[in-house]
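A short write-up of the structure that comes next.
Values in this text are rule-based calculations from the coordinates and carry no lab data. Small disclaimer: the values here were computed from a predicted structure and weren't measured. Cβ atoms come from the backbone with ideal geometry, glycine included; neighbour counts cover every protein chain shown.
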Amino acid sequence: MATINDNYLKLPGSYLFAEIGRRVAAYKEAHPEADVIRLGIGDVTQPLPAVCIEAMHQAVDEMAHKETFRGYGPEQGYSFLTEAILKNNYASKGIHFGTDEIFVSDGSKSDTGNIQEIFGSADKIAITDPVYPVYLDTNVMAGRTGTLQKDGHFAGVTYLPCTAENNFAPELPAERVDMLYLCCPNNPTGTTLSREELTKWVNWAKANDTVILFDAAYAAYITEPDVPTTIYEIPGAKDVAIEFRSFSKTAGFTGTRCGYTIIPKGVTGRAADGSRVPYNQLWNRRHTTKFNGTAYIVQRGAAAIYTEEGQKQVKELVGYYLENARIIREGLTAAGLEVYGGINAPYIWLKTPHDMPSWDFFDKLLTELNIVGTPGAGFGPCGEGYFRLTSFGDREDTKRAVARFQKLKF
Ligand SMILES: *Cc1c(COP(=O)(O)O)cnc(C)c1O
């Protein structure tokens, strides 16, 4: 008899975006004339940088000729891309990796979700709360979390609350864990950890033999000098941290698909016989067994952002979203709301007025202002009482939405 992986049944229904869609559709049906502005999406809206388009057109043409046609490429990524990444994002800061310490993929969702496979099935995890749901859900599927309790927490997971009270910088947990997920800049709070905060975590990880799984999908949005764009700026991080990066929010690749993971050879875990084994070796085995490489055409498009013109275009694209974020942040502050994030990230995280439950605030915005956002409770129990707006929309829509906020009564 075939059985199922019962761990899947422990997952609560992924109802967040489905429920948002349902409520918006119902409202629109009752009010067909309503001009609804969506600031809830976590997807980019502006076209790919021209350099990427040109590079991909050229790569398509190469595929049309026998002499330049490409079949399977190296699973870990073409060297034209890995070398460009290492040179521009790391060596330029004095951080050096071999090309066998980077793995190109089809995006960070897969990598942050799959990485747990190379850890022991009884390893303990810690996640910040609220956070991107992928880290937790993939560990639930793998049976590492225990069951869901009434308070919305899984029994076997260490949650690190991130609220306005601690300035969204989690405190060190009382107990040790094996795997620690950090997302910086954070989705959904839009906040970051300073160099000093990150140093504290790296030191703690070293002392506790913990691996930090560092998701830096929004690194390109960092504007403040005190916020490291890579965890490897912190001394000792090469021994304890795995870093995930993506072209999705950096260069609009959400539909084009390309990301990468850095696994330094110094990051090791204990084997059953007591020896230390580099996670790099395990991930390489996994990647070459379960993945057959990111499309050549896409990798050419990604590599194009590292030309001088490419860097200029990416800066412009990120700048567009950051300007939206500034407009939202300042407009909401002027309307009397308490807002966070939006300086080093495309997310604005606001405190709901009078501790209104986040789904009630969702309904209020939808019906009174015709604006769609995302209830904080969808990102973890500590997200209750908060609300996420994104700056990935059009400039005009963003401005119109902010103007409507000035009329919000609370
Ligand atoms: C968008 C996002 C990613 C990137 O996902 P891709 O699969 O590369 O598109 C990773 N982590 C977080 C927190 C994100 O919000």
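Show which aspartates and glutamates lie in cross-link reach of LYS206 when reach means a straight Cα distance below 13 angstrom and same-chain residues fewer than eight apart are skipped.
Answer for LYS206, where 13 Å is the Cα cut-off: ASP178, ASP239, listed by chain and number.
Give the average over all directions of the projected area of the C-alpha convex hull of the range 184-261, one decimal, in nm².
Its Cα hull, projected and averaged over all orientations, spans 5.2 nm².
Please give the charge dipole size of the range 305-410, origin at the Cα centre, charges +1 on K and R Cβ atoms and -1 on D and E Cβ atoms. Round to the nearest 20 debye.
Once rounded to the nearest 20, the dipole reads 240 debye.
Under 8 Å for C-alpha pairs, at least 6 residues apart: give me the relative contact order for the chain, rounded to a whole percent.
Relative CO of the chain lands at 23 percent.
With 29 Å as the limit, write out which pairs from LYS87/LYS109; LYS200/LYS351; LYS109/LYS265; LYS124/LYS351 have Cα-Cα distances beyond it, or answer none.
The answer is LYS124/LYS351.
Can you list the lysines whose alpha carbon is less than 16 Å from that of LYS28, not counting same-chain residues fewer than 8 positions off?
Partners found: LYS364.
Counting only complete DSSP H runs, which helices of the chain cover 18 Å or more along their long axis at the Cα atoms and score a mean Kyte-Doolittle of 0.5 or above?
Sorted by number, the helices that extend far enough and score high enough are 50-63.
Among GLY376, ASN203, PRO264, pick out the residue whose Cα is farthest towards the positive end of the charge dipole of the chain, where Lys and Arg carry +1 and Asp and Glu carry -1 on C-beta, about the Cα centre.
Looking along the dipole axis, the top candidate is PRO264.
Give me a comma-separated list of calculated 3J(HN,Hα) values for the range 372-378, in order, Karplus coefficients 6.51, -1.76, 1.60 applied at θ = phi - 60°, integers in Hz, x for any Gly or Pro.
Coupling constants for the range 372-378: 10, x, 10, x, x, 4, x Hz.
Looking only at ASP100, ASP35, ASP209, which one moves most when the chain is put into a Gaussian network model with springs between Cα atoms under 10 Å?
ASP35
If packing is taken as the mean number of other Cβ atoms within 10 Å per residue, what is the order of 122-133, 154-165, highest first?
Going from most to least packed, we get 122-133, 154-165.
Give me, ordered by chain and number, the residues 5 or more places off CYS183 or on other chains with an amide H under 5 Å from its own placed amide H.
ASP215
Please list the non-local residues whose amide H lies under 5 Å from the amide H of GLY259, H modeled 1.01 Å from N, same-chain partners needing a gap of 5 or more.
When sequence neighbours closer than 5 places are left aside, the close amide H contacts are SER105, ASP106, GLY107, PHE247.
Roughly how many debye, to the nearest 20, is the charge dipole of the chain about its Cα centre, given +1 on each Lys and Arg Cβ, -1 on each Asp and Glu Cβ, and no other charges?
I would put it at about 160 debye.
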